[in-house]
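No value in this document is a laboratory result; all are computed from the given coordinates. Keep in mind the model is a prediction, meaning the values are calculated, not measured. When we count neighbours, we look across all protein chains shown, and the Cβ atoms used for this are built from the backbone with ideal geometry, even at glycine.
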Amino acid sequence: MKEINVNIGWIEYGPGEDAGSKRTELIEAAIKATAKAYAPYSGFRVGAAIRLENGQIISGSNFENAAFPSGVCAERNVIAAASSAMPGIKPEAIAIAAAGQDGLTRDPIPPCGNCRQVIAEEEYRHGRKIEIILYGKSKTIIIQGIENLLPLQFNTESLKTDCP
């Protein structure tokens, strides 16, 4: 038997601290995308923006459905849109922002489990980490790679049946 411990890390920027122009541009695109969300049931609007290696920024938002499991999260929407619009162009970073009835959330909102798995698949597929930027009015969190949010991932390696 062995015990395995996992350490995760991130960087936090407070209000007014400069996270860099590329990150700020991506955060602003995610914030704008919250206004385009279709969230008549929860009133919780999520926006996401992804920057590809060619510099292109694509944004998306959540899309709810009366049959609740049929809704689509902003993160999955934007990843699918980027992959469809620019196949083969690798993602560098994704920013996520959320808003309720009273405006943007105080704290950053992390991606749900399904979205974490989709981000993990994108990293695996493209062979590189994706920077994850979580925006809230109280702080911005920068995470280098999905393993900091999803240490035990299901991917192509999980499907192998051979044993070393």
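Quick rundown of the values:
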{"read-out": "DSSP-defined antiparallel bridges as percent of all bridges, the chain, nearest 5", "value": "85"}
{"read-out": "Computed FRET value (nearest 0.05) for PHE44 with TRP10, which takes r as the C-beta separation and R₀ as 22 Å", "value": "0.45"}
{"read-out": "Over the chain: helical MRE at 222 nm, DSSP H runs n ≥ 4 each giving -39500 (n - 2.57), nearest 500", "value": "-8000 deg cm²/dmol"}
{"read-out": "Relative contact order, percent, the stretch 11-164 [alpha-carbon distance under 8 Å, six or more residues apart]", "value": "22"}
{"read-out": "Protection-proxy order for peptides 45-52, 1-8, 121-128, each taking the mean of Cβ atoms within 10 Å per residue, highest first", "value": "45-52, 121-128, 1-8"}
{"read-out": "Under 13 Å from LYS139, Cα to Cα: aspartates and glutamates that are on another chain or at least 8 residues apart", "value": "GLU12, GLU17, ASP18, ASP107"}
{"read-out": "Likely footprinting exposure, THR34, THR24, THR140, fewest C-beta neighbours within 10 Å first", "value": "THR24, THR140, THR34"}
{"read-out": "Listed candidates [x] 12.8; [y] 11.8; [z] 16.0 - label of the one calculated as mean projected area of the Cα convex hull in nm²", "value": "[y]"}
{"read-out": "Per-residue HN-Hα couplings for the stretch 90-95 [Karplus 6.51, -1.76, 1.60; θ = phi - 60°; Hz; x = Gly/Pro]", "value": "6, x, 9, 8, 10, 10"}
{"read-out": "Rounded to whole Hz, the Karplus (6.51, -1.76, 1.60) HN-Hα couplings of the stretch 68-77, x for glycine and proline", "value": "3, x, 8, x, 10, 6, 4, 5, 5, 4"}
{"read-out": "Residue-span extension gain [ALA67 to THR24] - 0.36 nm each, minus C-alpha spacing", "value": "12.0 nm"}
{"read-out": "Pair ASP102, ALA35: separation of 7 Å Cα→Cβ label points (nm)", "value": "2.2"}
{"read-out": "Extension gain (nm, one decimal) between MET86 and HIS126, 0.36 nm per residue minus Cα-Cα", "value": "13.1 nm"}
